[in-house]
Amino acid sequence: MPDLKAAVLPVTQFQQNCAFLWDEGTKDALIIDPGGEVPRILAAIDQLGVRVTKILLTHGHIDHAGGAAELRDELATRAAPDPAPPIEGPDPRDAFLLDGLEDQAANYGFEGIRNVRPDRWLTEGEAITLGEHRFDVVHCPGHTPGHIVFVNHAAHFAVLGDVLFQGSIGRTDFAYGDPAALLTAIKTKLLTLPDDFVFLCGHGPGSSIGAERVSNPFLR
Ligand SMILES: [Zn+2]
């Protein structure tokens, strides 16, 4: 997939990987999980010279979703009189987290955060397109109830949020966490992908399905 490009920008004190996916031919772009530091995200958009067509959210945690409303408003100002790019995802089972972003902000010391409602919820079986590139929406609950990931079968590429990391998996020690559901989702929906599938994740470096299959201590 020579035209499909990807980059990450770590944002917030949690060093969350805001992901940029774009088509080098059309310069259309998807922004996944703009958790904060929106001015830096806008500078990166300018540096890449891309036009954002959608803002996507994998789940409702503040380091992933905290900057979504601000980014949408900033892009709306730039796009006027055209409409702002929509915010899409996560699965509606994370609505309580997006409705509680201001409470999460108070707990973690984030400032200027607003609750956000996506323009469209995303559920398993739906797909996001970026020009000719298709990203299937896969529901992977456990870290949060409504966590989704984006899988591009043609490019053997995925964006996994806080489900699977290099050498680790998402934490499940929240009141709503479900470790059994997380392991089931990883084993039935991610480890079934080919070994050469590469992925970006919410924190730290990306990896491949094959590497995690053989070396991730949480999947033994
Ligand atoms: Zn999270």
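The values are calculated or read from the model by the stated rules, or taken from the named source; none is laboratory data. Please read all numbers here as calculations on a predicted model, not as lab measurements. Don't worry about glycine lacking a Cβ; one is built from the backbone with ideal geometry, like all the others, and counts go over all protein chains shown.
Number of residues in the range 141-191 that are more than 14 Å from the ligand (Cβ to nearest atom) and of a type in the set (V, I, T) equals 4.
Among the listed residues T144, T129, which satisfies the condition of being among the polar types (S, T, N, Q) and either surrounded by fewer than 19 Cβ atoms within 10 Å (Cβ to Cβ) or without any contact (Cβ under 8 Å) to a residue 40 or more places away in the chain (or both)? Every option except T129 fails the conditions. With among the hydrophobic types (A, V, I, L, M, F, W, C), out of contact with any strand residue (DSSP E or B) (no Cβ under 9 Å at 6 or more places or on another chain) and at pLDDT 95 or above as the only criterion, which of L56, L42, L30, L4 stands out? Just a single option satisfies the conditions, and that option is L42.
Count of the range 80-109 residues, restricted to those that are free of Cβ contacts under 8 Å to residues at least 12 places away in the same chain and under 20 Å from L130 (Cβ atoms), is 2. Restricting the first member to the range 53-79 and to residues that are away from the ligand (no atom under 16 Å from the Cβ), and the second to residues that are part of a loop (DSSP other than H, G, I, E, B) and hydrophobic (A, V, I, L, M, F, W, C), the beta-carbon pairs closer than 7 Å and six or more apart or on different chains are A69/V116; R72/A84; L75/A84; A76/A84. For the range 55-69, a residue qualifies if it is out of contact with any Lys or Arg (no Cβ under 8 Å at 6 or more places or on another chain), of a type in the set (G, A, S) and in a helix (DSSP H, G or I), and the qualifying residues are A65, A68.
Would the range 188-199 turn up any residue that is without any contact (Cβ under 8 Å) to a residue 24 or more places away in the chain, exposed (fewer than 15 other Cβ atoms within 10 Å of the Cβ) and under 19 Å from the mean Cα position of the chain (by Cα)? So that I can check it myself, show each step before the final result.
First pass over the range 188-199, keeping only residues without any contact (Cβ under 8 Å) to a residue 24 or more places away in the chain: 188, 192, 195.
Then keep just the ones that are exposed (fewer than 15 other Cβ atoms within 10 Å of the Cβ); that gives 188, 192, 195.
Now drop any that are not under 19 Å from the mean Cα position of the chain (by Cα), which leaves none.
So far as the range 188-199 goes, no, none of its residues is without any contact (Cβ under 8 Å) to a residue 24 or more places away in the chain, exposed (fewer than 15 other Cβ atoms within 10 Å of the Cβ) and under 19 Å from the mean Cα position of the chain (by Cα).
Cβ-Cβ contacts under 6 Å between residues 6 or more apart (or on different chains), taken from a first residue in the range 160-172 that is more than 15 Å from A211 (Cβ to Cβ) to a second residue that is part of a loop (DSSP other than H, G, I, E, B) and of a type in the set (V, I, T), are listed as G161/T58; G170/V163. Checked against (1) under 22 Å from F199 (Cα atoms); (2) out of contact with any strand residue (DSSP E or B) (no Cβ under 8 Å at 6 or more places or on another chain); (3) assigned to a helix (DSSP H, G or I), R78 passes all but a single condition, namely (1).
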